Amino acid sequence: MASGYGWGGGRSRCFAYWQEFQKCYANADFPTDCRPQGDDYLECLHHTKEAARAKAIQDEFIRQAEAKAKEGQKTADILSDGVIVGVGLIQRGQDQSK
């Protein structure tokens, strides 16, 4: 990956982050000064923070669905209100004519 070439022969998707890290590392007095650039590069490669965030969103969705199910709402109604990607901007209710 650090060569700058991706699978298709062009630049890899993380090459810009690698260049930023390399530039910082070449000019830094201490290697720890480049920790943010290195973290950005590793996140681009492995998507660890993105995966953790998606899991947290999914867990919260499941928790809210279970709470609604305990209140007596049907599972089909819970799932029809939205999916995990919903951000809750549109609220479905009884008065949709407003």
Given (1) modelled with pLDDT under 85; (2) in a helix (DSSP H, G or I); (3) of a type in the set (D, E, K, R), where does Lys98 come up short, assuming only one miss? (2)
Could you say which residue among Glu60, Glu43, Glu50 is at pLDDT 85 or above, in a helix (DSSP H, G or I) and more than 30 Å from Phe15 (Cβ to Cβ)? Glu60
Out of the residues in segment 7-36 that are hydrophobic (A, V, I, L, M, F, W, C), assigned to a loop (DSSP other than H, G, I, E, B) and under 22 Å from His47 (Cα atoms), state the one that is nearest to the chain's Cα centre (by Cα). Cys14
Among the residues of segment 27-61, how many are surrounded by 11 or more Cβ atoms within 10 Å (Cβ to Cβ) and aliphatic (A, V, I, L, M)? 5
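The values are calculated or read from the model by the stated rules, or taken from the named source; none is laboratory data. What you are looking at is a predicted structure, and each value in this text was computed from that prediction instead of being measured. Please note: Cβ atoms are built from the backbone with ideal geometry, for glycine as well, and neighbour counts cover all protein chains shown.
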